[in-house]
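**Q** Here it is: the structure, laid out below.
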Amino acid sequence: MLESKAEAQTSAPSPATPAKPPVEGHSARRIHRVAEHVGARSYLEIGVFNGKTFNGVNLPNKVGVDPRFAFDIEPHKRDGVRFVSLTSDAFFSGMKSPEHFDIIFLDGLHTFQQTFRDFCNSLICSHDRTVWLIDDVFPSDVYSAWPVASEARQFRKLSGSDSPAWNGDVYKLLFAIHDFFPVLSFVSFSNRGNRQTLLWKTPRQTFTPILGSLERIERLGYFELMKSQQVFNFKPEDEAFAEFFSSMNGKFTVPDVPETTSP
Ligand SMILES: C[S@@+](CC[C@H](N)C(=O)[O-])C[C@H]1O[C@@H](n2cnc3c(N)ncnc32)[C@H](O)[C@@H]1O
């Protein structure tokens, strides 16, 4: 319920009242948990919108890319923080020499083609320990899975619902990664916020392509998706992090140096 103007004025904090810290959303919470584990210092966010996640991420070096920032970026600029008002394609293709980021959050245009391109381009900005978070990997309903946002909403409205939800066909990206990047491991969050996927560079132990062709992946519809949900490796958030931590711990354990034996 909206509060009245008078109530809003009386409840406004006085200058002496410390401002409440912004509420941490699910993306920032997950990014911080990754950052703490891998000791991250640098962060790239593709698709920033109103800055809820970007401005809430507490890392020294951050780059945000969005063709239309939906907030005033000026007060948020500081050393180590850069706002790039370009599409992701223009950002990646305009890089003179690649910057490397510890964490990359892909949350730009939610179509398979764009997110797949963002992911492939972002590989050049990665190092061995880079971790990706990918947003909106699972559509909330059949309308949400349609790749054109305006049409998805129009079709849903015809069915009697006014919900503006739209996730697009990012779900196909997980099949592309599953089938074409066996050198990457991933786990997806099934609770505590949007369905998102965490991705890191550790080869998967078992690998059998499911669809095996980009054309078949591109044509994968919502109901086929519902039959293949196991691809996402969905886990409740704590279990997903446990899987990620144990895989990363293995990856970064310093190998035992064999004792030298005297000749
Ligand atoms: C879902 S919002 C991002 C939300 C934000 N990451 C957060 O967590 O608060 C998607 C954003 O992607 C941006 N976008 C759309 N097309 C893009 C493109 N080609 N490259 C980069 N960003 C794009 C839109 O302008 C929009 O602000």
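**Q** Kirkwood-based Rg over Rh for region 188-231 (C-alpha set), two decimals? Numbers along the way, then the final one.
**A** On the way: Rg = 12.8 Å, Rh = 12.8 Å.
With Rh from the inverse mean 1/r over Cα pairs, Rg/Rh is 1.00.
**Q** Ordered by residue, what ³J(HN,Hα) values in Hz, to whole numbers, does region 205-213 give under the Karplus form 6.51 cos²θ - 1.76 cosθ + 1.60, where θ = phi - 60° and Gly and Pro are x?
**A** 5, 10, 9, 9, x, 9, 9, x, 9
**Q** Among 33-42, 78-87, how do they line up from the highest to the lowest mean number of other beta-carbon atoms within 10 Å?
**A** Details: 33-42: 16.2, 78-87: 14.3.
Going from most to least packed, we get 33-42, 78-87.
**Q** What does the highest-first list of 170-181, 211-222 look like by mean Cβ count within 10 Å?
**A** Numbers: 170-181: 22.2, 211-222: 14.6.
Order by mean packing, descending: 170-181, 211-222.
**Q** Which aspartates and glutamates, on any chain, are close to residue 62 with Cα under 14 Å apart, when same-chain ones fewer than 8 places away are left out?
**A** Cα-Cα hits under 14 Å: 45, 79, 99, 102.
**Q** Using a Debye calculation, one point per C-alpha and no hydration shell, please list log10 I(q)/I(0) for region 139-212 at q = 0.17, 0.24, 0.26 Å⁻¹ in order.
**A** After summing over all Cα pairs, the log10 values are -0.74, -1.03, -1.11.
**Q** With θ taken as phi - 60° and the coefficients 6.51, -1.76 and 1.60, list the Karplus ³J(HN,Hα) couplings across region 85-102 in order, rounded to whole Hz; mark glycine and proline as x.
**A** 8, 9, 5, 4, 4, 5, 4, 5, 6, x, 5, 6, 9, x, 8, 10, 10, 7
**Q** Quick one: which residues, 5 or more positions from residue 234 or on another chain, have an amide H under 5 Å from its amide H? H modelled 1.01 Å from N in the peptide plane, none for Pro or chain starts.
**A** Placed amide hydrogens put 188 under 5 Å from residue 234.
**Q** Another question about this same structure. Taking a ≥ b ≥ c as the square roots of the Cα gyration tensor eigenvalues, with a/c under 1.5 meaning rounded and otherwise prolate when a/b beats b/c, else oblate, which class fits the chain? Intermediate results must be reported in sequence, preceding the final value.
**A** Numbers: a/c = 1.75, a/b = 1.18, b/c = 1.48.
The shape class here is oblate.
**Q** Okay, moving on. Residue 84's amide H: which non-local residues (gap 5+, or another chain) put their own amide H closer than 5 Å, with H modeled 1.01 Å from N in plane and none for Pro or chain starts?
**A** Amide H neighbours of residue 84: 64, 65, 66.
**Q** Still on this structure, I have one more. Based only on the alpha carbon positions, what is the Kirkwood hydrodynamic radius of region 30-130, in angstrom? Spell out each step's value before the answer.
**A** Values: mean 1/r = 0.0729 Å⁻¹.
Roughly 13.7 Å, rounded to one decimal.
**Q** Here's something else I'd like to know. Can you tally the net charge around residue 92? Count Lys and Arg as +1, Asp and Glu as -1, for every other residue whose Cβ sits under 9 Å from the Cβ of residue 92. Intermediate values should be presented prior to the final figure.
**A** Values: positive: 117; negative: 89, 118.
Net charge around residue 92: -1.
**Q** Give the percent of DSSP beta bridges with both residues in the chain that are antiparallel, rounded to the nearest 5. Mind showing how you got there, number by number?
**A** Numbers: 9 of 28 bridges.
Percentage antiparallel, nearest 5: 30.
**Q** Can you compute 3J(HN,Hα) from phi for each residue in region 162-168, using the Karplus curve 6.51 cos²θ - 1.76 cosθ + 1.60 with θ = phi - 60°, rounded to whole Hz and x for Gly and Pro?
**A** Here the 3J(HN,Hα) series is 9, 4, x, 3, 8, 10, x Hz.
**Q** Arranged from highest to lowest average of other beta-carbon atoms within 10 Å per residue, in what order do the peptides 145-156, 109-120 appear?
**A** Values: 145-156: 16.8, 109-120: 19.7.
Ranking the peptides 145-156, 109-120 by packing returns 109-120, 145-156.
No value in this document is a laboratory result; all are computed from the given coordinates. Just so we're clear, the structure is a prediction, and the values are computed from it rather than from any experiment. Please note: Cβ atoms are built from the backbone with ideal geometry, for glycine as well, and neighbour counts cover all protein chains shown.
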